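Comments concern the structure below.
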Amino acid sequence: MSSTPHLLDRLATLTSIRDLELLEFSLLKTVHELFRPEQVTMIKYDEQGDVKFTIRYGHDGCHESLKTKKDQPELLSAIRMMRRLKSPYHSRLANGNNLSAFPILDFQSLSVCLMMESRRPGASNDIKLIQGLLQIYRNFCHLIEDAQRDQLTGLLNRKTFDESIQRVIGMSSSLSTAYQNQQEDRRVHEEGESSYWLGLIDIDNFKRINDTLGHIYGDEVLLLMSQIMRDSFRESDLLFRFGGEEFVVVTENLDMQGAKTAFERFRHKVEQFNFPQVGQVTISFGAVKVTSVGPRRRPAGAARGRGRVAGAPAGRALQGAGRGLHGPQRAARQRSGHRAL
């Protein structure tokens with residue numbers, strides 16, 4: 001097989017990656033380079049089959065989209081048939097190309113599949129090779145997912161926080177740059193600029209729960225708290241168990257009021273929940289705005305456009321959130337603090 005050395009090189013690259021987003025891109029690039037389809041697309045969809053996210057790799061490069069694809073009935077039909085068969089599904093498109101749908105993963109709220117559009121139908125050996133690549137990808141996804149998740153709650157763990165916050169800083173910097181490019185338009189105001197907020201959440205009197213009822217009930221409180229977090233925040237928000245009774249949330253909102261509303265909604269749900277054997281549990285939280293460094297306020301030696309928490313992302317961001325948290329804790333356990341970082 002003449003392509004064996006190239007295949008081994010691509011597998012070596014694929015299996016050296018420890019980041020899920022990079023792994024997704026590498027898989028698409030590998031399939032495209034090996035089989036030369038018109039395009040290959042990874043699709044994430046919910047339990048109803050509604051598309052939530054796509055990443056496509058074709059001759060024109062890689063493109064991401066958070067929009068649903070309701071205007072592509074052939075693609076949605078292939079997803080439905082693949083889900084019904086629980087196996088690869090092959091069909092012919094109206095443009096004459098061939099479409100192959102491969103199931104990949106089923107997570108709690110989202111499922112993942114691979115779509116490959118080609119001019120010629122895939123040979124049986126090619127189909128088997130693609131399924132083998134997807135199995136390798138699936139195995140590595142589970143390994144990475146296990147390494148990034150807290151074993152008790154299933155939330156992201158502290159180990160992944162630094163890398164995640166750096167990515168958020170990069171996105172915040174991109175948003176800031178785009179906003180600066182629009183300054184000539186006087187109708188654009190700062191209040192309309194989307195931004196990222198980091199919130200530090202602390203369970204009040206958690207040590208007393210462990211000391212009086214035992215660690216089993218303490219763990220149950222942590223587990224139920226994580227479930228309330230999932231119900232309160234969006235799928236796109238990053239949820240971490242940072243350690244002990246501390247949690248961290250990174251959420252995107254237009255302004256301070258939007259961020260405060262999101263955290264207050266979570267606080268209210270916790271307050272209304274009846275924890276078994278414990279009763280009511282309260283939380284305190286503080287939030288900071290994760291911003292990028294503009295040209296006027298750039299620290300000495302810092303690169304233009306870098307995040308203001310670059311260099312010590314976790315410590316600086318959490319210190320800011322902590323300053324917003326501790327004051328309200330002393331004054332009233334159910335109030336919140338907000339700061340700009």
Output the residues belonging to the stretch 149-164 that are out of contact with any Phe, Trp or Tyr (no Cβ under 9 Å at 6 or more places or on another chain), touching a residue at least 40 places away in the same chain (Cβ under 8 Å) and either buried (at least 17 other Cβ atoms within 10 Å of the Cβ) or not charged (D, E, K, R) (or both).
-> Leu152, Gly154
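How many of the residues making up the stretch 50-61 are within 22 Å of Met81 (Cβ to Cβ) and either out of contact with any strand residue (DSSP E or B) (no Cβ under 9 Å at 6 or more places or on another chain) or exposed (fewer than 12 other Cβ atoms within 10 Å of the Cβ) (or both)?
1
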Keeping to the stretch 266-284, report how many residues are touching a residue at least 40 places away in the same chain (Cβ under 8 Å) and among the polar types (S, T, N, Q).
-> 3
Any idea which of Glu64, Glu74 is within 27 Å of the chain's Cα centre (by Cα) and either loosely packed, with under 15 Cβ neighbours inside 10 Å or modelled with pLDDT of 85 or more (or both)?
-> Glu64
Can His6 be described as over 24 Å from Glu145 (Cα atoms) and either modelled with pLDDT under 75 or assigned to a helix (DSSP H, G or I) (or both)?
-> yes
May I ask you to list the residues in the stretch 82-104 that are in contact with a helix residue (DSSP H, G or I) (Cβ under 6 Å, 6 or more places away or on another chain) and of a type in the set (A, V, I, L, M)?
-> Leu93, Leu99, Ala101, Ile104
Can you tell which of Phe35, Phe25 is of a type in the set (Phe, Trp, Tyr) and modelled with pLDDT of 90 or more?
-> Phe35
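The values are calculated or read from the model by the stated rules, or taken from the named source; none is laboratory data. Nothing here was measured: the structure is a model prediction, and the numbers come from that model. For neighbour counting, all protein chains shown are included, and Cβ atoms are generated from backbone atoms with ideal geometry for every residue, glycine included.
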